[in-house]
Each structure stands twice: as structure tokens, then as C-alpha cells.
Amino acid sequence: MENASKALIIAGAILLAILIIALGVFIFNKAKSATNMDDLSNQQVEAHNSTFQNYEGTINGTQAKALIDAIRNNNQQMPDLGDITIQSGKAGSVTISNTKATADLTKLKNAFQPTEQYEVSITEYQTTDGQYKGYVTKMTITEK
């Protein structure tokens, strides 16, 4: 009788150990999945921003026009993000500040001269927590 009692205690301890190990594996996999989602989110932000970061620095007018097209496409395809705003110094004969409207972007695009040099910088990123934190929201283009 004493041996049967000890056997039941040992069997119960083994089942409890298996349950604890299974629970640990489950929790580990859930934590790993959450970490992978954060990495994916960071990769999405980097991929989105790289489109605009490629234009940072000194560019010519043709590249500036391509940047305006990229911004217009972004503003149309990602309305939940909010529009990327262009703040421009003098571009040709047109001076526009805080531009995001499609008509204003077209006007600005037409003002860039292919042979002129322009300085581009990203001046603002989305800072509020949420799906679009870290995304580009404002760029500045100035004539050199």
C-alpha cells in the first residue's frame, strides 16, 4: 500500500512537470510571435520611408519632380496615414509652403527646372503612437 501511494505521488509530479513545461513553451511561442510582429512593423516603416530618404540631399529638378510624384502617390494610396506635406522655398518662380493638395503639388512640380539643384530634407516624422508611428510626414525642398 505504501508503494502504491508513492507511485501515485510520483506519477502526479511527472504530469505536473509536463504541464508546466507545456505552459512554458506556449508562453515562449506567444512572446516570440509578438516580437516578430514588432520587427515586421519596423521593416514596414523603413521600407516606406526609404522611398523618400533616397531623395534626401542635393538633387536635380527631374529628381524633384519624381519626388513630388512619389508624394502624390503616397497621399492617394495611404489616406489613413495622412498626407506628406511639402514645405518649399523658392522653386523656380513659384513659392509654396506646407503643400499637400494635389493641385498645389502639380503646380510645384511644374515649377522645378531640370537643370537646377535642390536641397531635400525630411523635417518631420509621425510621433504619435499607433500604426504609422515613425512614418515620414513632412519634407522640405529648397532651391540651392
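Among the residues of the range 74-81, none qualifies, meaning not one is in a loop (DSSP other than H, G, I, E, B), of a type in the set (Asp, Glu) and at pLDDT 90 or above. Scanning the range 52-63 for residues that are among the hydrophobic types (A, V, I, L, M, F, W, C) and either under 11 Å from LEU105 (Cα atoms) or not in a helix (DSSP H, G or I) (or both) turns up just one, ILE59.
Residues in the range 89-104 that are modelled with pLDDT of 65 or more and either under 24 Å from THR127 (Cα atoms) or outside the structural domain of THR127 (by TED's automatic domain parsing) (or both): 1 in all.
Of all the residues that make up the range 99-138, how many are among the hydrophobic types (A, V, I, L, M, F, W, C), part of a loop (DSSP other than H, G, I, E, B) and in contact with a Leu (Cβ under 7 Å, 6 or more places away or on another chain)? Matching residues across the range 99-138 total 0.
The values are calculated or read from the model by the stated rules, or taken from the named source; none is laboratory data. Treat the numbers as computed from the prediction; the structure is a model and nothing was measured. Note that each Cβ is placed from the backbone with ideal geometry, even for glycine, and that neighbours are counted across all protein chains shown.
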